[in-house]
Amino acid sequence: MQITYDEFIKITDQLDEHALDEFHAASEYLGKLRDESNDIFFPLYFDTHRYIVLMGGGGSGKSMFAGRKIIERAYREKGHTILVLRKVAKTLRESCYSQLVSQISQYYDVKKWNISKTDMSISSPNGSRIIFAGLDDAEKLKSVFGITMVWIEEASEISEADFNQVDLRLRGENGHYRQLILSFNPINVNHWLKARFFDREDKKATVVKSTYLDNRFMGEDSKSVLEDFRELDEYYYNVYCLGNWGVTGKCVFGSKAVNDRLGKITPPVSIGEFTGCGEGIWQYVPMETGCVRIYEHPSPGHSYIAAADTAGEGSDKNVCQVICAETLRQVAVISVESEEDRFVGQCVGISRYYNDAVLCFECNFSTYPVREASRLGYENQYIRRTEDSITRRPVPSYGFRTTAVTRPAIISNLMRVFREDPSLINDRDTLYEMLSFVRNSRGRIEAESGTHDDHVMALAIAYYILTDEPPVPETPYAAKRRVNFAFEKENGRDTVRVV
């Protein structure tokens, strides 16, 4: 809220002498606090969400803010028992404990505080306590009751189970809000912190990303050390200088390019689902919990390709990617954690919606999606050339097969597309998957252990289909007529062939 000078004078004129003194004291206090704080963190002094999640690079000032907020609350609010945690207790003395003692000495009258070096505890003038403990010190943790606030420094060191246990202990009552602050460097894109607080919205959390550029108190020498990582170590540069999620292997799409794009994308223009209305008619219905994310609605006269990667083995999602043939832009994504029948229905619906897009299912594990889409009346499906095992003649087959030959081809093509124009990709989940796509020790390009490849593979198939030679000259990319299917075995697996 902003007010004019005249409005300010009018407000102060209405205050009695005591209230005016309090007003001036509060203004002076807030002005001093702002001068001593970085702008990105200043509003968080007044944030009452249960969780404040501070992710950032080295030297961003996030730990200094966390310590200062703890001290402020201990100093100005009675009855606090504040717990400062790290994974290992012995690391606290030279880190969090030393930092808080230094901050108290710098900004407060340290003589009024009771600071015990022996057991690393601090008591404020009003009796609020700050206690330091490691998650490896179970006995000390059990002895702490009535916790009203927690700061977990280097939260990336602890497990989600550790976090949940600490969260359960945060239930002390002192008439003020309870809060848990986590501060950490984003060391790994697969970390549980990312899944918990960044991949989904938590209305109880305030999430802030910061870098050294947000710290106006940082010296030029320290900035230079971080910036030198640009030439020395790509991983350190991305994590500790840019504050981006780290990838332990070398990201084949270029971690800097992916993170740059992540910083520029905007939310979907609509989220929803498709419902069947009978006779091949599908209607798009916006809903917050929908599985369809739309980034651009269809344009008249434009052609689209929808490529679907079904869950198959070892995955947990069915994903369909839609791209525009004219602009090459990613325009929509379906992500479904459910049975194939629902997923196929959504794929048919979105294909109808995007001007009867060419629909392609990966059929390595099942031919059901092809057959189900046909049953739902959708004929504009991608066909590929295969070789007849008897005549050795090329024959058309529905769907896409990912093989030892086609897999590196489609991934390399997607790498080229992204390298030439990263702005084509609009979906956050897709970009995060791209960030975890690395080359392993054997040279194979794959998703890092513990991550999935559904979004990337579906997108790779879509772009490959767009640049692939038409399998049937008179009907590029698709069959425009009703067809009969013959299901045969091809290398031991079902294949769908056009008869």
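No lab work stands behind these numbers, since they all come straight from the coordinates. All values reported here derive from a predicted model rather than from experimental measurement. Don't worry about glycine lacking a Cβ; one is built from the backbone with ideal geometry, like all the others, and counts go over all protein chains shown.
A few remarks follow.
- Taking the stretch 330-439 and dividing mean pair separation by its residue count, relative contact order in percent (alpha carbons under 8 Å, at least six apart): 23
- Here the relative contact order of the stretch 307-386, from alpha carbon pairs under 8 Å that lie six or more residues apart, stands at 27 percent.
- Contour minus Cα-Cα distance for Ala325 and Tyr368 (0.36 nm per residue): 12.8 nm
- Applied to the stretch 252-266, the Karplus parametrisation 6.51 cos²θ - 1.76 cosθ + 1.60 on θ = phi - 60° returns per-residue 3J(HN,Hα) values of 6, 8, x, 4, 5, 5, 5, 5, 4, 5, 4, x, 10, 5, 10 Hz, with x for Gly and Pro.
- The residues Cys251, Cys277, when put in order of fewest to most other Cβ atoms within 10 Å, stand as Cys277, Cys251.
- Were the residues from Thr91 through Asp109 laid out at 0.36 nm apart, the gain over their Cα-Cα distance would be 3.8 nm.
- Computed over Cα pairs, the Kirkwood radius of the stretch 29-231 leads via Stokes-Einstein (1.567 mPa s, 4 °C) to a diffusion coefficient of 74 µm² per second.
- In this rough spin-label picture, where each label sits 7 Å from Cα along the Cβ direction, the Glu201-Phe217 distance is 3.4 nm.
- Across Lys256/Lys317; Lys69/Lys117; Lys87/Lys204; Lys117/Lys204, pairs whose alpha-carbon gap is larger than 32 Å: Lys117/Lys204
- Scanning residues 5 or more positions from Thr81 or on other chains, those with amide H under 5 Å from its amide H are Arg129, Thr148, Met149, with H placed 1.01 Å from N in the peptide plane.
- Peptide packing: for 453-464, 54-65, 72-83, the average count of neighbouring Cβ atoms within 10 Å per residue gives the ranking 453-464, 54-65, 72-83, highest mean first.
- Near Ser270, once Lys and Arg are set to +1 and Asp and Glu to -1 for all other residues with Cβ below 12 Å from its Cβ, the sum equals -2.
- Short-range pairs are left out: with C-alpha atoms under 8 Å and at least six residues apart, the relative contact order of the stretch 29-231 is 34 percent.
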